[in-house]
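Quick notes on the structure that follows.
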Amino acid sequence: MNVILRLLLIISALLLLLFMLKRIRQSKLKIEYTIFWIVFASLLVFMGIFPKVFYVLSALMGFQAPMSMVLLAIIFVLIVKIFFMTIQMSQLENKIDALAQQIAINRKIDADFQAEHWEDKVK
């Protein structure tokens, strides 16, 4: 791997790490969401520092080029991440629906209660 590309990979991964840590400190992201990105950026730093490891792994797995193995692994990890985020989003949508229904029920109960007491005061 070209030295300039390795340096670019290391610098960009470190910038990603700093960005995630800044977001955690500002309370803009929860720690459990950023763990994935911190691990991902750390792996990129590792890849930039020790590229021979990925050459050996790709040869053992039968890939012709290490970049093919790396891209396939990254695509797989991101697809799994999207899948879990879809599950979480679906659960949150179900909770929102349940909360909206509960609010509607509470408003109906309050309206009925106020109507009953209004009738009692008028009599």
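The values are calculated or read from the model by the stated rules, or taken from the named source; none is laboratory data. These numbers come from a predicted model, not from an experiment. Cβ atoms come from the backbone with ideal geometry, glycine included; neighbour counts cover every protein chain shown. Quick note on the areas: whole protein, heavy atoms, side chains included, nothing else; ligands and nucleic acids left out. Shrake-Rupley method; radii C 1.70, N 1.55, O 1.52, S 1.80 Å.
Scanning the stretch 9-62 for residues that are out of contact with any Ser or Thr (no Cβ under 8 Å at 6 or more places or on another chain) and among the hydroxyl-bearing types (S, T, Y) returns S12, S27, Y33, T34, S42, Y55. The listed residues are M61, M20, and the only one of them that is at pLDDT below 85 and either surrounded by 10 or more Cβ atoms within 10 Å (Cβ to Cβ) or touching an Asp or Glu at 6+ places or on another chain (Cβ under 7 Å) (or both) turns out to be M20.
Conditions (1) farther than 22 Å from L9 by Cα; (2) of a type in the set (F, W, Y), marked per residue:
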{"site": "L21", "(1), (2)": "no, no"}
{"site": "R25", "(1), (2)": "yes, no"}
{"site": "F36", "(1), (2)": "no, yes"}
{"site": "A41", "(1), (2)": "no, no"}
{"site": "V53", "(1), (2)": "no, no"}
{"site": "Q88", "(1), (2)": "yes, no"}
{"site": "D112", "(1), (2)": "yes, no"}
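One residue alone among L71, L60, L14 is in contact (Cβ under 8 Å) with a residue 12 or more places away in the chain and under 24 Å from N2 (Cα atoms), and that residue is L14.
Only one entry of I82, I96, I75 meets the criterion of being open to solvent by less than 100 Å² (accessible area, probe 1.4 Å) and either within 23 Å of S12 (Cα to Cα) or modelled with pLDDT of 90 or more (or both), and that entry is I75.
Taking into account only those residues within the stretch 99-114 that are open to solvent by 100 Å² or more (accessible area, probe 1.4 Å) and charged (D, E, K, R), which is nearest to A59 (Cα to Cα)? Step by step, filter the stretch 99-114, then rank; the result is R107.
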